[in-house]
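Report on the structure given below.
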Amino acid sequence: MATLKRDKGLDNTLKVMREGYLYTSNQRERLNTNVFETRALGGKSYVVLNGKEAAELFYDNDKIERQGTLPKRVVNTLFGKGAIHTTTGKQHIDRKALFMSLMTEGNLEYVREITRNFWMANTERMERMDEVNVYRESIILLTRVGTRWAGVQAPESEIEQIATDMDIMIDSFKGLGGAFKGYRASKAARKRVEDWLEDQVIKTRKGEIHPPKGTALYEFSRWTDYEGNQMDSRLCAIDLMNTFRPLIAINRFIAYGVLALHKHPEAVEKMKTVKDYPYMFSQEVRRFFPFVPFLPGKTKVEVEVDGVTLPADQLLVLDVYGTTHDPKLWDNPNEFNPERFLTWDGSPFDLIPQGGGDYWTNHRCAGEWITVIIMEETFKYFANKIVYDVPEQDMDVDLNSIPGYVNSGMVISNVRENVDRS
């Protein structure tokens, strides 16, 4: 029986924050092991798992649960109290089915259409700007896309504030359960958005507003659980937000993708000529760049990992970034290579930037299909529909920072429509 190795220290939270996405990989290399124990978030014992087999275990609902494992501050600011991310068992499956009911062919095609149209309509605005910060511009545009897709009424005069509040909430992951600058601002941002959405849920139920059938606002406002109970209006607002908040977080992937187009100019031409290249490029952006660093869970029963026996109630961490950069799973994982997805088998346990496992029964993001669609249409727009300059700036991506960013936000200038007038 193998011995569980440990990163020594009474509480390694500060080390995790200092080393960021590389903490888990650094410790595996130092300890020469694929699984190790660390202490964090007040000295709690966590066992860190990495790789495809670890992901298969992590998403086995008979052996692992997620309820109660997310840091309270992250729940309070990012997901919301009572959100689907905090549920388990029959309750989780019941509410997950509601989320998945939105993933119809029509809804997926609609998000593709509005993404394409909103970017084209935004061209004139960007042409008037001296510089466009892609990170910031994307979160505003994606707020328009997300709210329209969800059937939510978002006045144009409030779009930038809503976008800012969403960004503040998404950024709150950096807290990892401890005190961090901006926690109060994150809670205030969440309250503003929850208040706004709860008001729309209540008005929908009263028949004062009429969102289209099939939209998130329509379906969530009318849904009842397996016992026939309607969701509390506040909880309904929280889960409603969780249908489109992840779409707004795609602004990070968009900034990464525009950076990749700049660093790999051959990709611009392939975007126009190679079948399925926008899909492959989008998947490689999701694999290559830092998004979610790791995810928490807890053993329900005694399990064995790499020859190490773990008891029931052992807290776990699945190393998401390490798995998407595991050389056992990906050839030359630190090389940006969209063509690797020509032969990818579609496994739900290796490409896990938004979680893994089954969409219906696990905590894999229900909006992952929409994420890829939005990315495809966005990168086709930047490659085919506009031309622009890239001024000198800090385009590094700091892997020691959680969450990750292009340091400059990825700035472009002199944007103009790409029209062949010959």
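Remarks
- Test: residue in the range 321-335 that is of a type in the set (A, V, I, L, M, F, W, C) and at pLDDT 95 or above: yes
- For beta carbons closer than 6 Å, sequence separation of 6+ or different chains, a first residue in the range 115-134 that is in contact (Cβ under 8 Å) with a residue 60 or more places away in the chain and aromatic (Phe, Trp, Tyr) and a second that is part of a helix (DSSP H, G or I) and surrounded by 15 or more Cβ atoms within 10 Å (Cβ to Cβ), the qualifying pairs are Trp119/Tyr381.
- Residue check, Ser172 within 22 Å of Val292 (Cα to Cα), crowded, with 16+ Cβ neighbours inside 10 Å and at pLDDT 95 or above: no
- One residue stands out in the range 318-333 among those that are among the β-branched types (Val, Ile, Thr) and either touching a Pro at 6+ places or on another chain (Cβ under 9 Å) or surrounded by fewer than 23 Cβ atoms within 10 Å (Cβ to Cβ) (or both): the one that is farthest from Asp345 (Cα to Cα), namely Val320.
- Leading residue by the ranking (surrounded by the fewest Cβ atoms within 10 Å (Cβ to Cβ)) among those in the range 1-27 that are closer than 21 Å to Phe288 by Cβ and in contact with a Gly (Cβ under 7 Å, 6 or more places away or on another chain): Ser25
Every residue, every condition in (1) at pLDDT below 95; (2) assigned to a strand (DSSP E or B), yes or no:
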residue	(1), (2)
Arg28	no, no
Val48	no, yes
Asp62	yes, no
Thr69	yes, no
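- Filter pass, Ala260 being under 26 Å from the mean Cα position of the chain (by Cα), under 30 Å from Pro71 (Cβ atoms), among the aliphatic types (A, V, I, L, M) and surrounded by 15 or more Cβ atoms within 10 Å (Cβ to Cβ): no
- Filtering the range 34-46 to residues that are polar (S, T, N, Q) and modelled with pLDDT under 95 leaves only Asn34.
- Residues of the range 122-169 that turn out to be out of contact with any helix residue (DSSP H, G or I) (no Cβ under 9 Å at 6 or more places or on another chain) and either part of a helix (DSSP H, G or I) or crowded, with 23+ Cβ neighbours inside 10 Å (or both), as a count: 3
- Just one of the listed residues (Gly307, Gly257) is more than 29 Å from Ile374 (Cα to Cα) and not aromatic (Phe, Trp, Tyr), and it is Gly307.
- Answer from Glu392, Glu339 - the residue that is farther than 27 Å from Asn133 by Cβ, out of contact with any strand residue (DSSP E or B) (no Cβ under 9 Å at 6 or more places or on another chain) and surrounded by fewer than 14 Cβ atoms within 10 Å (Cβ to Cβ): Glu339
- Out of Val193, Val292, one residue alone is in contact with a strand residue (DSSP E or B) (Cβ under 8 Å, 6 or more places away or on another chain), among the β-branched types (Val, Ile, Thr), crowded, with 20+ Cβ neighbours inside 10 Å and under 24 Å from Met103 (Cβ atoms). It is Val292.
- Candidate set from the range 273-308 (those that are among the charged types (D, E, K, R) and closer than 14 Å to Pro338 by Cβ); member that is nearest to the chain's Cα centre (by Cα): Arg286
- Screening Val387, Val411 for residues that are of a type in the set (Val, Ile, Thr) and over 22 Å from Glu284 (Cα atoms) leaves exactly one candidate, Val387.
- Test: Pro265 is under 30 Å from Gly409 (Cα atoms), surrounded by fewer than 22 Cβ atoms within 10 Å (Cβ to Cβ), in contact with a Cys (Cβ under 7 Å, 6 or more places away or on another chain) and not β-branched (Val, Ile, Thr): no
- Unique residue being among the acidic types (Asp, Glu) and modelled with pLDDT of 95 or more when the list is Glu368, Glu392: Glu392
- Pairing residues of the range 361-382 that are of a type in the set (D, E, K, R) and in a loop (DSSP other than H, G, I, E, B) with residues that are at pLDDT below 95 and surrounded by fewer than 20 Cβ atoms within 10 Å (Cβ to Cβ), at Cβ distances under 6 Å and at least 6 apart in sequence or on separate chains, gives Arg364/Gly357.
The values are calculated or read from the model by the stated rules, or taken from the named source; none is laboratory data. Predicted model only: the values in this text are computed from it and were never measured. Counting neighbours? That spans all protein chains shown, and the Cβs are built from the backbone with ideal geometry, glycine included.
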